[in-house]
Amino acid sequence: MDALDRVVKPKTKRAKRFLEKREPKLSENIKNAMLIKGGNASSTVTQVLRDVYALKKPYGVLYKKKNITRPFEDQTSLEFFSKKSDCSLFMFGSHNKKRPNNLVIGRMYDYHVLDMIEVGIEKFVSLKDIKNSKCPEGTKPMLIFAGDDFDVTEDYRRLKNLLIDFFRGPTVSNVRLAGLEYVLHFTALNGKIYFRSYKLLLKKSGCRTPRIELEEMGPSMDLVLRRTHLASDDLYKLSMKMPKALKPKKKKNVSHDTFGTTYGRIHMQKQDLSKLQTRKMKGLKKRPAERKAEDQEKKSKRIKKD
């Protein structure tokens, strides 16, 4: 049995708190990412890992030493690192003749690889090469996806979901306008994925809403999709399953539309609409001749019944 798989009983209060943090929760912790360098990594791959770590801080772990592993052939070392550092996201960088400047982006479920996608770096501009002001550490980014492939192709659809999981940061209830500081833009076009990072500048516009300008901040990459290892539909559904305690309780006779409008259904007894009092209008009043005709008809009906 692996040392990390054994049931460990805490001996100190600090160890107890540490283990409690890793226990399953109804509202899970913020997902951390580990950035791992392969046995043979080029300077481009190393710099990409550093720049992504700068974007992910403080929710990332950068491994500086080389790790000889092949994620698509053997995943045990990734699962070991995931358990050790309590990370559910990973990025693995490597370089060889067959697949130069290679990145593998993936995520874990229950400390086992759920899905991973391999991309190749064709063009790269680092954070330090663009001489502009940067965003502070821990800023939550805005994610924009452009291109029909992200909605049509299954591999691109799963890649979009994976990138959202990787870069979205902590879940917040409120966002202030000044907190919207930078944008990550992903464009799928002609079999390539263009990754760009912009700083958002709020300028004076003469009215209440500010004028928005985008200034490239870096890093920027041109990526090509290579191999994929996607989870089965059953396992993917299991990983997305919501605990019963978090599911909203159904309210009777209440429904919502796509825009969030609430509709309620009211049950009432059958009404006699003939006795309903409506608005009186002069134009709808009956003339004396019509009243006399109605009275005569009623009298004739009574005589017939008798």
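The values are calculated or read from the model by the stated rules, or taken from the named source; none is laboratory data. Keep in mind that this is a model prediction, so the values were computed, not measured. Here the Cβ is made from the backbone with ideal geometry for all residues, glycine too, and neighbour counts use every protein chain on show. Please note that ligands, DNA and RNA were not included when accessible areas were found on the heavy atoms of the full protein model with its side chains. Shrake-Rupley method; radii C 1.70, N 1.55, O 1.52, S 1.80 Å.
At a glance:
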item	result
Cα pair distances of the stretch 34-84 binned at 10 Å [whole percent]	24, 52, 24, 0
Length-normalised contact order of the chain in % [C-alpha pairs under 8 Å, at least 6 apart]	15
Cα convex hull of the chain - mean projected area over all directions, nm²	33.3
DSSP-defined antiparallel bridges as percent of all bridges, the chain, nearest 5	75
Pairwise FRET efficiency - H256 versus L276, Cβ, R0 = 35 Å, nearest 0.05	0.65
Proportion of all alpha-carbon pairs of the stretch 149-277 beyond 26 Å (%)	57
Links that overshoot a 21 Å alpha carbon limit, given the list K25/K64; K57/K134; K57/K84; K37/K97; K9/K244; K66/K97	K25/K64; K9/K244
Ranked by how many other beta carbons lie within 10 Å on average, peptides 48-58, 223-233, 21-31 from highest	48-58, 223-233, 21-31
The stretch 44-58-the stretch 171-189 distance, computed between alpha-carbon centres (Å)	19
Charged-residue dipole, Cβ positions (Lys, Arg, Asp, Glu), the chain about Cα centre, Debye nearest 20	2540
Cα-based reach from K299 at 30 Å (exclusive), listing lysines while leaving out same-chain residues under 8 positions away	K275, K280, K282, K285, K286
When the convex hull of its Cα atoms is projected in every direction, mean area for the stretch 1-92 (nm²)	7.6
Table column - 3J(HN,Hα) (Hz), the stretch 245-262, Karplus curve with 6.51, -1.76, 1.60, x for Gly and Pro	5, 8, 6, x, 6, 6, 9, 5, 6, 10, 9, 10, 9, 5, 8, x, 6, 8
Contour excess over end-to-end distance, with Cα ends at K203 and K237 and 0.36 nm allotted per residue	7.8 nm
Added length on full extension, which subtracts the Cα-Cα distance from 0.36 nm per residue, E154 to E137	2.8 nm
Global geometry of the stretch 91-140, whether rounded, prolate or oblate, following the gyration tensor of its Cα atoms and the 1.5 cut on a/c	oblate
Probe 1.4 Å, accessible area per residue of the chain, Å²	73
Pairwise Cα inverse-distance average, inverted: Kirkwood Rh of the stretch 97-222 (Å)	16.6
Straight-distance crosslink candidates among aspartates and glutamates, where the alpha carbon sits under 18 Å from K301 and sequence neighbours closer than 8 are dropped	E290
